[in-house]
Amino acid sequence: MFHDGQEAYNSFTQRKPSLMILDLMVPRMDGLTICRKVREQSDLPIIMVTARTEEIDRVLGLNMGADDYLCKPFSPKELVARVQAVLRRLDRKSEPESNDLFRMDKSQQRIWYQQKALNLTPTEFRLLELFLEHVGQVYSRAQLLDHINPDSFDVADRVIDSHIKNLRRKISDAAETGNRHEWIQAVYGVGYRFEYPED
């Protein structure tokens, strides 16, 4: 544990840890700066911890490359659960893009769920493609909007909610009876993540 941001960053460059838990407000080098510098050279999982609950702080952390965030106060059990979840997502990133439930063909821009082709619009395909390739990663609405349409200067980011609603419905319609897992999960105050069911 380090109480100085510069010391924490120096330690990262020397020790190469498996995961980093960053407080937003630390002296000499703040958490956002550390996150940005780490992300420039590593895919190290990062959990941002902050006492500031404004949405802009959470979105800034995610935009800088944090994998998750945790607002103070929190219990040790919640922190452990978040760490375990992030590490599970890291393991799943090494899985191929096709699995027992989802199969994707980028050349045809088609995705199958439980062997059933999903009738997706080009925008829905791009969103689901992003989610499948970055399972567990939290995306803000602005990030998702920029992904599907980088030139959408005058489009409200809430349009993403409509696309997500349609994706959820189409996946649900293709699901087998009894399989009602919510694949695209809302992250309060931030945006969405794609998550596998708990083992």
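The values are calculated or read from the model by the stated rules, or taken from the named source; none is laboratory data. All figures in this text were calculated on a predicted structure; none of them were measured in a lab. Cβ atoms come from the backbone with ideal geometry, glycine included; neighbour counts cover every protein chain shown. Heavy atoms of the whole protein, side chains included, go into the accessibility calculation; ligands, DNA and RNA do not. Shrake-Rupley method; radii C 1.70, N 1.55, O 1.52, S 1.80 Å.
General remarks:
- Here Thr121 clears all of (1) crowded, with 18+ Cβ neighbours inside 10 Å; (2) of a type in the set (Ser, Thr, Tyr); (3) at pLDDT 85 or above except the condition numbered (1).
- Residue in segment 2-24 that is open to solvent by 60 Å² or more (accessible area, probe 1.4 Å) and among the aromatic types (Phe, Trp, Tyr) present: yes
- Filtered residues of segment 176-194 (kept if open to solvent by less than 60 Å² (accessible area, probe 1.4 Å) and either part of a strand (DSSP E or B) or modelled with pLDDT under 85 (or both)): Asn179, His181, Ile184, Gln185, Val187, Gly189, Val190, Gly191, Tyr192, Arg193, Phe194
- Evaluation of Gln115 against (1) in contact with a helix residue (DSSP H, G or I) (Cβ under 8 Å, 6 or more places away or on another chain); (2) more than 26 Å from Val86 (Cα to Cα) (one fails), failing number: (1)
- Taking the numbered list (1) open to solvent by less than 50 Å² (accessible area, probe 1.4 Å); (2) under 13 Å from the mean Cα position of the chain (by Cα); (3) at pLDDT 85 or above in turn, Ala85 passes all entries but (3).
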